[in-house]
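Read-outs: derived from the displayed coordinates by stated rules, not from any lab. What you see is a predicted model; the values in this text were computed from it and never measured. Note that we place each Cβ from the backbone using ideal geometry, even for glycine, and neighbour counts take in every protein chain shown.
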Amino acid sequence: MSHHDHHEGHHHVLSDSTALKTILALLSLTVITVAIARVDLGVLNFPVAMFVASVKAVIVCSIFMGLKYENRENTVIFSTSLLFMLIFFILTFGDLLTRGDVYVKGQIIPAELQAAGPSKFSKPWIESPEIIAHGKGLFAAQCTSCHGDGGAGNGPAAAGLNPKPRNFTVGEGWKNGRKGSQIFGTLTKGLNTMPAFGSLPSEDRWALAHYVRTLGPHSAEKDSDADLAKVGVDPNQEGGGGSAEKSIPLEAAIEILSES
Amino acid sequence: MGSTTSVAGQRQHAHHFKNGREEFEACKQGMWIFLVTEVLFFSGLFLAYAILRVFYPEMVAAAHHELDWKMGGLNTVVLLISSWTMARAVSAAQRGQAQKVVSFLLATFICAGIFMCVKYMEYSHKIHEGLLPGSLFSFKDLLSVDKVGLFFSVYFVMTGIHGLHVLIGMGLILWIMKRASRNEFGPNYFTPVEMLGLYWHFVDLVWIYLFPLLYLVS
């Protein structure tokens, strides 16, 4: 192999003193990282911590891993990974943070329905023509596929379901009951194949409950204070009673990510 | 590699390379490309973590208090020192000091062992307290915090996969130690030690970010 020897350049050997200085620098930076975390810098805490970590990372890459002592090729190769990581982050957050629609367990709730805005109904558990009208709109968008346009339990998706969707036009056969609070409870928790709508703002769930009641025979049964308390409503206090999730559930977000 | 090994790092390079130097550079470039794939692999986890922070900042802030920054800090120091001993092992191999290579690799191995012991203590404490991923989460003080189990899912997956890298590294260190003690490495051939070094420093690199992200968020 002697005739090749002049091709074999000299390998850089890291000197013991450089190695020692490097580890001392890295250890000092670790002390700084911990010290900074214990001081409150407000919004700066995170960027400063990441900056110090990156300084450490550059030191490890350039000296211990030797990028500093060789031609640029491997530095460029390694940097591409950071570039792709950046693209990965930008595309994902560009998507997640700009979704008008909210995903709830694989089902999409259109923006106009979940963005109810400031509450229109101060006590949504009280029946009124306005809230029934509001519920009618929601029902057409969310429920008719199973329960049918008139609420008779004969929507296009009903055929494949067992048990069958409830027929709202009759007063019998209700498992949870027909009172407003009981329907509200069904919507919040779901019932067998009937999906939960807990992610809808609570006033929307009340609106749906009031509307569903109008589809069947008139019922004199009214919610007592105790009934209302069961679903977390204090009748003397304004507000929806029970809150809705406004953020994107993370499981759903991860599901979406893993699908793509 | 289809080449033969003889004493004290004298070694015939594979026939498709012009010389030993070229073979070394090719191996090293391959190693860097592998490290690129490792970054991309970990970036999925870092992204999951970032999503948690962006969507549930209060939850992440509350949950991270259950991690002991002293343990994390100790492990950071231990891993950094192991990077240093690894760098010294590579230099010793380049100088043909077989005995030193073995000693420095042993020191690195011991550091890695300490790291895993500390991790074991942290894990068993968390398992005992019910600070567990997802629906397994049962730590009473934080049960009211929405989605808190997700933080621990991310914590266990990230530190678990990192710990797996440490374990694999420990296995590789033992193997290279054995080869070094057979006097296989010297100024003309130290490729395996160098590659092991790159891998090990990368494992350190990941922890340099994991430590502030998981233990020190504020």
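Just to verify a number: FRET efficiency for A:ASP16 and A:VAL55, C-beta to C-beta distance, R0 = 22 Å, to 0.05? Efficiency computed from Cβ-Cβ geometry: 0.45.
Placing pseudo-labels 7 Å out from each Cα toward the beta carbon at A:VAL170 and B:TYR120 gives an inter-label distance of 6.6 nm. Computed from the C-beta positions of A:PHE89 and A:ASN154 and an R0 of 35 Å, the FRET efficiency is 0.15 to the nearest 0.05.
Among the listed pairs A:LYS164/B:LYS147; A:LYS123/A:LYS179; A:LYS123/A:LYS222; A:LYS189/A:LYS222; A:LYS123/B:LYS147, those whose Cα-Cα separation exceeds 23 Å are A:LYS164/B:LYS147; A:LYS123/B:LYS147.
Rounded to the nearest 20 debye, the dipole magnitude of chain B is 760 debye, with +1 charges on Lys and Arg beta carbons, -1 on Asp and Glu beta carbons, and the Cα centre as origin. Along the charge dipole of the range B:20-215, pointing to its positive end and built from +1/-1 on Cβ of Lys, Arg, Asp and Glu, which listed residue (B:LEU174, B:PHE46, B:TRP69) has its Cα farthest out? It is B:LEU174.
Average 1/r across all pairs of distinct alpha carbons in chain B, invert it, and you get the Kirkwood radius: 19.0 Å. Calculated FRET efficiency, A:THR98 to A:SER122, Cβ-Cβ distance, R0 = 41 Å: about 0.80 to the nearest 0.05. Projecting the Cα positions of A:TRP174, A:VAL212, A:ALA157 onto the charge dipole of the range A:144-227 (unit charges on Cβ atoms of Lys, Arg, Asp and Glu, taken about the Cα centre) puts A:ALA157 furthest along the positive direction. Placing +1 on each Lys and Arg Cβ and -1 on each Asp and Glu Cβ, with no other charges, gives the protein assembly as shown a dipole about its Cα centre of roughly 840 debye. Its relative contact order, with pairs defined as Cα atoms under 8 Å and 6+ residues apart, puts chain B at 33 percent. Take the Kirkwood radius over Cα pairs of the protein assembly as shown, plug it into Stokes-Einstein at 20 °C and 1.002 mPa s, and you get 80 µm²/s for translational diffusion.
Across peptide A:22-35, the average count of Cβ atoms from other chains found within 10 Å of a residue's Cβ is 4. Using a simple spin-label model with pseudo-atoms 7 Å out from Cα toward Cβ, A:GLU130 and A:ILE77 lie 6.9 nm apart.
Test of understanding: given chain B, find the longest segment containing no trypsin sites (Lys or Arg not before Pro) that are in a DSSP loop and have at most 16 other Cβ atoms within 10 Å.
Values: sites that count: B:LYS18, B:ARG95, B:ARG182.
Excluding the exposed sites themselves, the longest stretch runs over B:96-181.
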